[in-house]
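Q: Take a look at this one; I'll ask things after.
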Amino acid sequence: MALVALSAYLVGRHASRSGGLVELERRLNHPVLLVGATVVLVLVSLIVELDFRTPESQVGLAGGLVALVLLGVPVALSTLAAGDSGVRTAREAAPGHPDRVLVFTDAADSFEPDRRVELLTGSGWSARHWSLGARGPGERLLRAEWSGPGRITVTLEKEIEVFTVGEDGTPAGPSSTPRSR
């Protein structure tokens with residue numbers, strides 16, 4: 001059961017990447033719940049399986065707990081740090097394509113508010129999402145908008161990125177130009 005919970009989380013985490021399936025991310029990317037269930041199930045199986053009367057079983061339990069701590073603590077910390085702490089604030093459909101939507105999210109990953117934009121294409125289980133406007137340290141998203149039927153313009157503090165959306169809804173690009181102030 002622990003492998004099932006861990007596998008479900010890994011599928012959800014993979015779907016959270018740019019180009020991943022929206023429904024899989026929404027249903028399976030729950031690190032605290034699924035990784036926590038994995039840790040609890042491994043601990044329970046170690047305690048149930050071992051007979052504590054022999055020295056070998058006591059050493060085995062201690063080794064299993066040390067391995068669990070050495071592997072579990074970094075995984076738990078990385079899953080908590082990677083959690084989605086954003087609130088979706090706006091949606092903007094593409095002109096002539098209601099199945100293509102820009103979604104704006106206000107994220108609170110740091111002390112400074114951060115605004116992100118994603119392109120959602122398709123619907124239902126086949127819906128995918130792509131992250132647009134990759135930012136470096138200290139660079140904020142100022143604006144993102146549909147600049148044509150298949151074009152998205154993302155304005156950052158230091159540059160302007162233009163993405164071209166293909167017939168299948170997959171974004172290509174970006175072509176970047178420095179922003180004149």
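Q: Pick out, from L21, L10, L70, the residue whose Cα sits farthest towards the positive end of the charge dipole of the stretch 1-82, with +1 on the Cβ of Lys and Arg and -1 on the Cβ of Asp and Glu.
A: L21
Q: Something else about it: Classify the stretch 1-82 as rounded, prolate or oblate from the Cα gyration tensor: take a ≥ b ≥ c as the square roots of its eigenvalues, call it rounded if a/c is under 1.5, otherwise prolate when a/b beats b/c and oblate if not.
A: It comes out prolate by the Cα gyration axes.
Q: Within the stretch 13-38, list the residues whose amide N lies under 16 Å from a label point set 7 Å along Cα→Cβ of S45.
A: What the label zone holds, given the 16 Å backbone N cut-off, is 34-38.
Q: With the crude spin-label approximation of a point 7 Å out along Cα→Cβ, what separation in nm comes out for R143 versus L77?
A: Placing both labels 7 Å along Cα→Cβ, they lie 4.2 nm apart.
Taken together, the values in this text are just the output of simple stated rules run on the coordinates, not laboratory data. Predicted, not measured: the structure shown is a model, and the values here were computed from it. All Cβ positions, even for glycine, are placed from backbone atoms using ideal geometry, and neighbour counts span all protein chains on display.
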